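Let me begin by presenting the structure, written as structure tokens, before commenting on it.
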Amino acid sequence: MSTLLPFRRRAQAAAPDQAAGTSRMSNSDKFISIEGIARRYPAPGGKTTTIFQNLWLPMRRGEFVCMIGHSGCGKTTVLNILAGLEAPSEGAVIVDGQAIAGTSLDRAVIFQGHALLPWRTVLGNVAYAVSSRWRKAPKAEIEARAKKAIATVGLAGSEHKRPSELSGGMKQRVGIARALSIDPKILLMDEPFSALDALTRGTLQDEVRRICVETGQTVFMITHDVDEAIYLADRIVLMTNGPEAKVAEIVENPLPKNRDRTQLHHAPGYYALRNHLIDFLVSRSKTLRDAMPADYDPRHPPVIRPSLSEADAEAIAASTAPAPRRA
Ligand SMILES: Nc1ncnc2c1ncn2[C@@H]1O[C@H](COP(=O)(O)OP(=O)(O)OP(=O)(O)O)[C@@H](O)[C@H]1O
Ligand SMILES: [Mg+2]
């Protein structure tokens, strides 16, 4: 195959690996398993609107998975189902071998809005979460856990401030501290940084990345920000437009796990990956919704595994291609 094929076609050419079984997750690897879930709502005229159906997605322990898709395709609904805040119309979510039924302190949610209790201090907000996890723990232990989580997000010294005294970024840090303080097995984040200015967003992405790498958290995060997904995710789930949204493909991030934000754009394969994601959002998310490939299998959506060496080869081939001959 020519190294000059567009990234998408080369990427799809990686699918035979999938057939060979290398990308299929074994049952023992599945920490979270979304199994054929659907969400339907009643529509006018006695009809039913299907937001998505037959959605399958396994996740490994310690994996950082981002979901990207246009507004209304059902991302928040998927996250709410993972959190146990909503039940699917069909299918189930299995976590650590057990079907989830309702919310659990093992699954912490960080929303776009921080949803802090305005009358409590930073310490009070986080300690409240800690005490709901360890109900019988002595006050000193609860405070110690809360302070540790507050320090982890860089807010030591602000324990006694109330939300009204905090910037947007600080409030979001408190939301993250509160989620981390209960030692969850899974972090669920719904566009957690989208309301922040670019500088604060970058700093918080760095914090979350550091914490997740250090603690080995399993994370499911929704974002509209392609660069955020490239920086944070191990795998990026691409949803077609809704209604009847589908997992169009799952992109494995080829960049090294140990990523440096400032050097990301120099990493081999970065631009090919970025272009692929943007191309999906701009055009393929719609065309794929209207016509999925005949061999599309919702239980095993195409896995796009860009090859660094091929991406390099393409870049080099493009830059060294002989100039067209003059007549
Ligand atoms: N209670 C409801 N009744 C009917 N339709 C609903 C209800 N809740 C959500 N929906 C519909 O489900 C679809 C998916 O909503 P959801 O919030 O999951 O989308 P999303 O992908 O998170 O969008 P965004 O990117 O804008 O946050 C939307 O079209 C929405 O109108
Ligand atoms: Mg949403």
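The values are calculated or read from the model by the stated rules, or taken from the named source; none is laboratory data. Remember, it's a predicted structure, so these values are computed and weren't measured experimentally. In this analysis, Cβ positions are derived from the backbone assuming ideal geometry, glycine residues included, and neighbour counts consider all displayed protein chains.
Any idea which residue in segment 13-45 is modelled with the highest pLDDT, counting only those that are in a loop (DSSP other than H, G, I, E, B) and of a type outside the set (A, V, I, L, M, F, W, C)?
S26
Within segment 51-79, can you find the residues that are near ligand 1 (Cβ under 10 Å from one of its atoms) and either farther than 21 Å from L232 by Cα or part of a loop (DSSP other than H, G, I, E, B) (or both)?
Within segment 51-79, I51, F52, G69, H70, S71, G72, C73, G74, T77 qualify.
Take the residues in segment 180-192 that are more than 12 Å from the chain's Cα centre (by Cα) and buried (at least 24 other Cβ atoms within 10 Å of the Cβ); name whichever of them is nearest to ligand 2 (Cβ to nearest atom).
Among those residues, the one meeting the criterion is L180.
Which one is nearest to ligand 1 (Cβ to nearest atom) among residues in segment 170-207 that are outside any helix (DSSP H, G or I) and without any contact (Cβ under 8 Å) to a residue 40 or more places away in the chain?
F193
With respect to V226, is the statement that it is touching a residue at least 12 places away in the same chain (Cβ under 8 Å), β-branched (V, I, T) and touching a Phe, Trp or Tyr at 6+ places or on another chain (Cβ under 7 Å) true?
no
(1) surrounded by 14 or more Cβ atoms within 10 Å (Cβ to Cβ); (2) within 16 Å of ligand 1 (Cβ to nearest atom); (3) on the phi < 0 side of the Ramachandran plot: which one isn't true of E143, the others all being true?
Unmet for E143, out of (1) surrounded by 14 or more Cβ atoms within 10 Å (Cβ to Cβ); (2) within 16 Å of ligand 1 (Cβ to nearest atom); (3) on the phi < 0 side of the Ramachandran plot: (2).
Condition first: over 25 Å from S104 (Cα atoms) and touching a helix residue (DSSP H, G or I) at 6+ places or on another chain (Cβ under 6 Å). Now tell me which residues in segment 183-203 satisfy that.
Correct list: L196, T200.
Tell me, which residue of segment 208-223 that is free of Cβ contacts under 8 Å to residues at least 40 places away in the same chain and either within 16 Å of ligand 1 (Cβ to nearest atom) or of a type outside the set (K, R) (or both) is surrounded by the fewest Cβ atoms within 10 Å (Cβ to Cβ)?
Out of the qualifying residues, it is E214.
So, in segment 39-91, exactly how many residues are free of Cβ contacts under 8 Å to residues at least 40 places away in the same chain, within 16 Å of ligand 2 (Cβ to nearest atom) and touching a strand residue (DSSP E or B) at 6+ places or on another chain (Cβ under 8 Å)?
3
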